[in-house]
Amino acid sequence: MDRSRPCISGPCPTHEQENAMELPVNHDNAQWWKAVVNCDERFDRVFLYGVTTTHVFCRPSCKSKTPLRKHVVFFSSAGEAETAGFRPCKRCRPDLLDERVARELVSKARSMMDVNASNGSILSPITNELEISRELLTRLFLQFYNESPESCLHRCRIEATMAKIRGKLQELEEERLPGIPKKSPKNNADFDR
């Protein structure tokens, strides 16, 4: 095993034999491990951790079952984890730490709410289609829109209902009974004064 790049979890016979994956060096793995065990959100932008048995990487705040310490490696970025052969967790979506990607996801969720608001849409189909948890969607909405997805969806429903009402009122206005003139400045006697 190359000692300049040791496996974070200590000597690892699997990696010594395969020599296929070089894992990053960790400078403070005791504190980082404590953050993983405590699901500490303060470390979300500091590091990511990967589980060698599943090849999934997560944020320190991920609410998934805490893995055994011997199966955990630490990464400084999602790109580093992906290069090492790990895929992002579908629960905490550590790949969304990139603000551009997160903004695109929230924008897509918002568009889905606008399109489906009139049919009594709920959040479950949106989170399922985007493959994110409700908690992550809430966190992202608060970050980018300063409101929860529930309140945004409620507002979208109100706006859709108001648009229907305005459309119906316009139809009624156009279908006035024959013989009743529409009010306009030309027909209004008070306007000429």
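Selection of the stretch 51-97 for residues being within 11 Å of the chain's Cα centre (by Cα) and not basic (K, R) yields C92, P94, D95, L96, L97. When every residue of the stretch 97-117 is checked against the conditions, at least one turns out to be at pLDDT below 85, out of contact with any strand residue (DSSP E or B) (no Cβ under 8 Å at 6 or more places or on another chain), among the polar types (S, T, N, Q) and part of a helix (DSSP H, G or I).
Surrounded by 16 or more Cβ atoms within 10 Å (Cβ to Cβ), in a helix (DSSP H, G or I), among the aromatic types (F, W, Y) and outside the structural domain of V56 (by TED's automatic domain parsing) - does that describe any residue in the stretch 135-143? Yes, the stretch 135-143 has at least one match.
The values are calculated or read from the model by the stated rules, or taken from the named source; none is laboratory data. Here the structure is a predicted model, which means the values were calculated and not measured. Note: ideal-geometry Cβ built from the backbone for every residue, glycine included; neighbour counts use all protein chains shown.
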